Structure formats: C-alpha cells, structure tokens
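The structure appears below as structure tokens.
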2 protein chains.
Amino acid sequence: MATIKEVAMTAGVSVATVSRVLNQNGYVHEDTRRKVEDAIRQLNYTPNEVARSLYKRKSKLIGLLLPDITNPYFPQLARGVEDQMQENDYRLIFGNSDESRQKEMDYIQTFIQNNVVGVISSTNDPDADIYAGLNIPVVFLDRTSNDRPSVYADGREGGRIAAREMVRRGSKQITVLQGPAHVRPAIDRFEGAVEILQELNIPYEVLLTTSFSLTEAEDWAKELFYKYPDTDGIIASNDMVASAVLQEAHRLGKRVPEDVQIIGFDDIPLSKLLAPSLSTIHQPAYEMGREAADLLIQLIEGHHVERNSIQYSVKFIERQTTRKVDHDG
Amino acid sequence: MATIKEVAMTAGVSVATVSRVLNQNGYVHEDTRRKVEDAIRQLNYTPNEVARSLYKRKSKLIGLLLPDITNPYFPQLARGVEDQMQENDYRLIFGNSDESRQKEMDYIQTFIQNNVVGVISSTNDPDADIYAGLNIPVVFLDRTSNDRPSVYADGREGGRIAAREMVRRGSKQITVLQGPAHVRPAIDRFEGAVEILQELNIPYEVLLTTSFSLTEAEDWAKELFYKYPDTDGIIASNDMVASAVLQEAHRLGKRVPEDVQIIGFDDIPLSKLLAPSLSTIHQPAYEMGREAADLLIQLIEGHHVERNSIQYSVKFIERQTTRKVDHDG
C-alpha cells in the first residue's frame, strides 16, 4: 500500500503539501494540487485514517468538573455538555471533585497545565481565587455566580414548590431533609422549602444529611422515621434520598402517599420507575449541560453573549408519592 | 505582593531556577538554592498556586471511551477509572461513543491528536484497525479481546446463571430480552441464557431490543406482554430494561414474582430501591474500572504485567422479583 511519503515523492512536493491537499486546509497552488491528485490516483493511495488525523488541527480541550458522576443527576448534565462539545469539535477532560476544595484545585490546575481553552465547573465557590486567576473563560454549571457566566436551575423556587405542594395535598407534620450544608443547590432548596413552611405556619422538622450518597441515604431514612415517627410528609434533598425514604417507608409498612407523602428533587430517569413512582421537582439537566457548553463556546470564540447568567425554571412532576387534589384546589 | 520574577532578580538567578527550587525538581546547586530561599523569605513571597502549577510537569492524559454515561451502569465504571487515574496523577479525556463506529473513530483520533499516553475503550470491535494502528497501550473495558489487554465480566456465565435461577424458581414460559445485536456483552448474556434453556429443554421466546435506552425500554415492555401475555419469567438484557418491564407488569396488574419473575443484569445502584426490589446479576463495575486503569498505568509505565486479560466473575443477587426456593432445591 502506498504511503503519504511516496505520494509526496511522486508529486515532487513535501508531505505537508500532500496533507494540505488531503485535508483541504491551507493554501495550495492549483497546479500543485493537480500534481498531488494525479500522484494519489497513480499510486491508488488511501490515506490511513489515524495517520491522516495527525495532520489535522488538534481538537481544543475543555475542562469539566462535576461533583460525582455516580450521582444519577450528573450523567445527564455531563451528557448535555459532551454532546454540544462533540458537535463543535471540542473535547472534555473530566474530573469528579467530590465537593472537595482540594480536589477541585488540583483538577483546575491540571486542566490549565493541559492547555484547556475553557472550563465548566460545578463548584460551591465560584468566587474562589482559583477561578478569578484564570485567563480563560469559565462557566459555572448547576451553580450560581453573581457576576460570572453560569447556568443553573432555580433551586430556591424548587424548594418553595415542594413545600407548597406538600401542604396543599394535606401533610401536617412535614420533615425537610436538608442536604449537605456546603453544597449551594442543596442550601437553596432547603431555604425555599422552609420559607414557605414558615410563611404558611406549618410545623416542620429538619434532618440534616451530609452527602447525596445512596448508602448513607439509607441510614438517614431509618433515622428519619425513628426520630419523627408521625411525620406525614417528607421533602427530600434529591431523588436518591427520596428513593431511600420510600423504601424505608415500605419496610415499616407505611402506605405512600396515604400515610406519608414524599417529594424528591432532580427528576432522575429512574424516579418514574419506582413503585409508587416518585413525585419530584424536575430540573432540565441535559438541556442545562448543553446550554453551558454553548455559552462556553461563545465565550471562547469571542462572540457577543447576550445573557451570561442563565437560570432555568423548575417544575413539579406529579406522580404517585403525593396525593391527588383538584387542580383548582 | 512579590512575583516569581522579583524573587529571581533578587537572587540573581533565572525564573526557571526559582521554579525548580519551589517544585523541588531538577538539579539546583546548594548555594543557588540558599540564595533563592533567602530571596523568598526577604520578599515574603508566596507562590501563586495557579502560576506555580504552570511550572510543574503536565499530568499525562488518558482517553476514556464509554458507550453512554447516562446508562446507569457506566458511571460506576467511569468513577473506578477516574479514581485510580486521579490518584496516580493521570487525567481523562472522556467521550461517549453511543456504540457508533464513526463516533468511536473520531474520538480515538482526537485522543491521539491530544497526545494521550493510553486509551481505555468499551468497544464492540477490539480488532478494528484503529486500535491495531495505535502505538500506545490500550485496555478494553467491559469488552473482551482474545489477545489484547482487557477487563470484563463473564457475561455468558451471567446469562447462564439468570436462566438457571429462573427455571429452578419455577418459571415455565420464559421470555429472553435480547439486547442490541452489535453490543458484545449483550450477545454474551443472551447466548448464555439460551444455552441453558435449550439444555434444560425449557420453552422460551426471544424479544429483540436494539438499545439500552430507557424510553425505548418502555415500548419493549409493552410489546413483550402484548406478544407473550402468558410469559411467567423474563430475563432482561440489563437493569434499566428490567425496571421498565417491572413497571409494565404493575400497570397490567400482574403480581411480581407470583405471576411473573424478572431478572435484570448489572446491579445498578437503584435496582435495590425498586419495589419489589430487583433480582439481578451483579457485575463489579467500580472495581472493573479501577482494575482497567491500573492495568493501563502498568502498561504505560512499562512494568511487567502478569495477567493482561482479566475476567471478573458475576453473581446472582436474590431480591424480590424472583420467588424463594430452598437453597438445596
């Protein structure tokens, strides 16, 4: 099989020129182009895909930092980012921060060392020095920043909606599972729920949880019903925790939603497969990932950006862990 | 605040020398080191973490190609790979192939362009030219290769186990959901199940599915009970599909496991949260990810590798979608 070198020799040009012709980039004189094309035909040359790609321009790299890809909310976000980047010929260096400041710093540093042209980060601290010091565009995803580009859902409103739905569907002794205290979206949801419960003067208890991990969620679910056996409405910090609560309710022989209502947060794909299926607050994770990637690409390419802080609204998804009410109820 | 340049000027050395002292790499004469340290103290210099990192050696990049991170089996694999790589100071460029040959080729090419030092790929075609042509180490993950490094679970045995458990728990009209025909682990599972059903002379039906997508799984679940209303045992191609089948069984008022038994595959984290919880074939995804990363690092670093094809065994996880039997039954 002919090589690109043989094509170059036959055409009497350099390998780089043959590459320019093959990849249709850079200037090549018409006569030269014809010579190369003749040589390709004459030698019946088929460019080896791998070798050929080496002459193409490198894909640009983006750093993507998410808390934990095994939390079922994040694969949707990641997939949205990846699809948008892939279609625009950017590639992702990916890391899990575990919401740890140190891991986050390490990742951002190695992103820079590897010449990323932009960063998407789900950080709890957009104002950290590490971001202020970067001279490449950064978009915060699933996290708010006052004055920097960010794409996020309205967690506080989500918390408010969950509390309102819980109350109008008849729960009187509500327990709010407060998510990790250093995770911004968890704080927002919690504050939104509590705001409404106080406003409506509904008694509530709070159980503090320290992670979104499923293993730990099972322990919290046990603790919840042990401490507050009479609770009749549970606002969970996310769908994973809600699932664990639902299972513990089953184990204790409580009927859902008759004895106790449960509302999750996220609307992960499996929430509708639970039995009863989980009522939850939907955030459009995939679309948010796409939007963040699109915004970052606009910033990298120096386009004018109309809105650099994009808040997605959330909505209540009524399924079977909440009781039915008249819609004008 | 003092800069590294001022330190260099004060010490009468180059910036590179200051950097070597700060990062404790490369040779620096003892006298020079002392001069630099004096200048650092004198100017009260604190190295800026970001700037400082620029002098450090780049983290090496690895390409990781998985079919689809939104399939809940893959985040576990990815997390295992990432943890092992992160601890060893490698970074991941990540892509979803969607089991598409073209996307896979594109990703492998861009991995190479971005100078990855190794690749981990869940491909259906380890013998493809694109892999043969690479002169960096490649480990196939979740996929078998006869003569190349790979880490995978024994899918065929998994299929056999599922069929045996289904039969000894009393199902007489079994339906096997055959996963996508071009996805190697799906073929293995299917063939293993059919092998045992034929051996035991048990009648069975086959329903072909073409992806692992949850949306489509719901359609197949409907088709399944429409075509084979009397089926009393379903071997699903993975837990996502099994979950959709379970939900459809609920919708039709079938009792699980009394009327119909269901066995999934993968043991994704949420399978135990379903109601009834899902009996399934467990594969140790996180450990497999770690192992593949470890194997790749050994190969990259030129260490002697004892076993370069590592098969994990799978096991039956008895939960509530299968009927109880005596253990000596």
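Numbers for the structure displayed
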quantity	calculated
Checklist (1) away from every other protein chain (no Cβ under 13 Å); (2) touching a Lys or Arg at 6+ places or on another chain (Cβ under 8 Å) applied to A:P149, failing item	(2)
Residues that are modelled with pLDDT of 90 or more and either of a type in the set (D, E, K, R) or assigned by TED's automatic domain parsing to the domain that holds B:P180 (or both), drawn from region B:108-147	B:D142
Residues within region B:232-247 that are surrounded by fewer than 22 Cβ atoms within 10 Å (Cβ to Cβ) and modelled with pLDDT of 95 or more, tallied	1
Spans of strands (runs of 3 or more DSSP E) in region B:130-199 with at least 2 residues in contact with a helix residue (DSSP H, G or I) (Cβ under 9 Å, 6 or more places away or on another chain) and among the hydroxyl-bearing types (S, T, Y)	B:150-153
Filter result (more than 9 Å from chain A (Cβ to nearest Cβ), crowded, with 19+ Cβ neighbours inside 10 Å and either more than 17 Å from the chain's Cα centre (by Cα) or not in a loop (DSSP other than H, G, I, E, B) (or both)) within region B:107-123	B:V116, B:G118, B:V119, B:I120, B:S121
Hits in region A:65-106 - residues which are of a type in the set (D, E, K, R), more than 17 Å from B:F74 (Cα to Cα) and in a helix (DSSP H, G or I)	A:E87, A:R101, A:K103, A:E104, A:D106
Options B:G63, B:G12; residue that is on the phi > 0 side of the Ramachandran plot, of a type in the set (G, A, S) and either assigned by TED's automatic domain parsing to the domain that holds B:T215 or at pLDDT 80 or above (or both)	B:G12
Given (1) surrounded by 20 or more Cβ atoms within 10 Å (Cβ to Cβ); (2) more than 9 Å from chain A (Cβ to nearest Cβ), index of the condition B:N135 fails	(1)
Filtered residues of region A:67-106 (kept if in contact with a strand residue (DSSP E or B) (Cβ under 7 Å, 6 or more places away or on another chain), surrounded by fewer than 22 Cβ atoms within 10 Å (Cβ to Cβ) and more than 10 Å from chain B (Cβ to nearest Cβ))	A:S97
Hits in region B:249-261 - residues which are under 20 Å from A:Q320 (Cβ atoms), modelled with pLDDT of 95 or more and either in a helix (DSSP H, G or I) or aliphatic (A, V, I, L, M) (or both)	B:A249, B:L252, B:V256
Matching residues in region B:214-237 - criterion: being assigned to a loop (DSSP other than H, G, I, E, B) and touching a helix residue (DSSP H, G or I) at 6+ places or on another chain (Cβ under 8 Å)	B:T231, B:A236, B:S237
Unique match (being of a type in the set (D, E, K, R) and within 26 Å of A:Y73 (Cβ to Cβ)) among B:R319, B:R307	B:R319
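The values are calculated or read from the model by the stated rules, or taken from the named source; none is laboratory data. These figures come from a predicted structure and were not determined experimentally. Please note: Cβ atoms are built from the backbone with ideal geometry, for glycine as well, and neighbour counts cover all protein chains shown.
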